[in-house]
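Here's the structure we're looking at; comments come further down.
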Amino acid sequence: MEEIQVEPAHSQFFGYYKISRHYGWALNQVFNHLNYSNLIIVEDDIEVAPDFFEYFSSTLPLLKEDPTLWCVSAWNDNGKENRIDLNAPELLYRTDFFPGLGWMLTKELFKELRPKWPPAFWDDWMREPVQRKGRACIRPEISRTSTFGKLGVSKGTYYQTHLKFIKLNDKFVPFSTMDLTYLTKDKYDESFLAKVNSAQQVGSVAELVRYTQNVESGHGALDYGDTRGQKSDTTNKGPEYKLQYKSNVEFRNYARALDIMEDFKAGVPRTAYRGIVSIVFGNRRVYLTPSPTFSGYNNI
């Protein structure tokens, strides 16, 4: 291979150029030289769940048959133990956010991407609208991967505050015996949006805390931002809630208060689908929702 050319202003990002070229080379080898039809990518600092392969083999037919999907990921960016339903390891979602960290793609997708593969920052490039084209990924409620990548090119960005706390699923779910067609776009949109629309509206995190604190074990009233010690256990089913954000700034404020990832990539919040982020808070399902006039991520 020829030497990687990096502009002087990007010299500190040389590692990202190496990674992007390696990804492009490896994908080309697997798809165009070894002639495989599908590929699961797992970094060398990843642990996998007992049902990791069951999950991917069972979602592959959906990926191949549904043109509105373009990847399957093992990762939930907001998958901390206190922000997921530990009693729902079988729960899967569609997401507009490309998660990575253990993901599957097809040869057809690589044919589309290969001619314009980027020199650096391949994952952020994947998240751009011109690549995503309105397509979604499948992702789990409980992650099927966890990372111990404290060191690396990113120098541990987010590792100490988020990544090391992501819960790795420890239960085998027989996905191959389940009907996963609920994840096809028309069925999913109807069901998911019905749940969100029927959720009880709250006006602030403080109000959400008041509604949910009675089901918290071992905690009294919480301040606006004091949410890190909450545990998730939704065996006690109850009302679901939604908290509307009207701008990216307001979303970030809510995300910090709820101890979830606050950043956007190409305008999309992590795990979002149609602008909606689903988490567990105070033993209740909570949806962070954009305004009813939401018409796309560039308009939040």
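Magnitude of the charge dipole for the chain, about its Cα centre and with charges confined to Cβ atoms of Lys, Arg (+1) and Asp, Glu (-1), is about 380 debye. For the chain, the relative contact order is 22 percent, taking Cα pairs closer than 8 Å that sit 6 or more residues apart in sequence and dividing their mean separation by the residue count. Which aspartates and glutamates have a Cα less than 15 Å from the Cα of LYS171, not counting those fewer than 8 places away in the same chain? Within reach: GLU47, ASP51, GLU54, GLU81, ASP85, GLU90, GLU141. Within the listed set LYS18, LYS64, LYS116, the residue fluctuating most in the Gaussian network model of the chain (springs between alpha-carbon atoms under 10 angstrom) is LYS116. Would you please classify the overall shape of the chain from the alpha carbon gyration tensor, given that a ≥ b ≥ c denote the square roots of the eigenvalues, rounded means a/c under 1.5, and beyond that prolate means a/b larger than b/c while oblate covers the rest? Since a/c reaches 1.5 and a/b is larger than b/c, the shape of the chain is classed as prolate.
Highest mean packing first, where packing is the average number of other Cβ atoms within 10 Å per residue, the peptides 42-51, 172-181, 87-96, 71-80 line up as 71-80, 87-96, 42-51, 172-181. Hey, which of these cross-link pairs are over 29 Å Cα-Cα: LYS107/LYS187; LYS133/LYS187; LYS107/LYS242; LYS107/LYS133; LYS185/LYS246? Pairs exceeding 29 Å: LYS107/LYS242. Averaged per residue, the chain has 48 square angstrom of accessible surface, using a 1.4 angstrom probe with ligands and nucleic acids left out. Evaluated with a Cβ-only charge set (Lys, Arg +1; Asp, Glu -1), region 5-156 carries a dipole of roughly 560 debye about its Cα centre, given to the nearest 20. Judged by the mean number of other Cβ atoms found within 10 Å, the most tightly packed of the peptides 101-112, 29-40 leads the ranking 101-112, 29-40.
Between LEU180 and ASP45, the modelled labels are 2.8 nm apart [label points 7 Å from Cα along Cα→Cβ]. When the solvent-accessible area of the chain is split by element, carbon and sulfur atoms take up 52 percent of it, the probe being 1.4 Å. Nearest-5 percent of antiparallel DSSP beta bridges in the chain? Once the DSSP bridges in the chain are tallied, antiparallel ones form about 65 percent. Mean sequence separation of contacting Cα pairs (under 8 Å, at least six apart), scaled by the length of region 15-160, corresponds to a relative contact order of 39 percent.
The values are calculated or read from the model by the stated rules, or taken from the named source; none is laboratory data. These numbers were taken from a predicted model, which means no experiment stands behind them. Backbone-built Cβ (ideal geometry, glycine too); neighbour counts: all protein chains shown. Heads up: the accessible areas ignore ligands, DNA and RNA and are worked out on the full protein's heavy atoms, side chains in. Shrake-Rupley method; radii C 1.70, N 1.55, O 1.52, S 1.80 Å.
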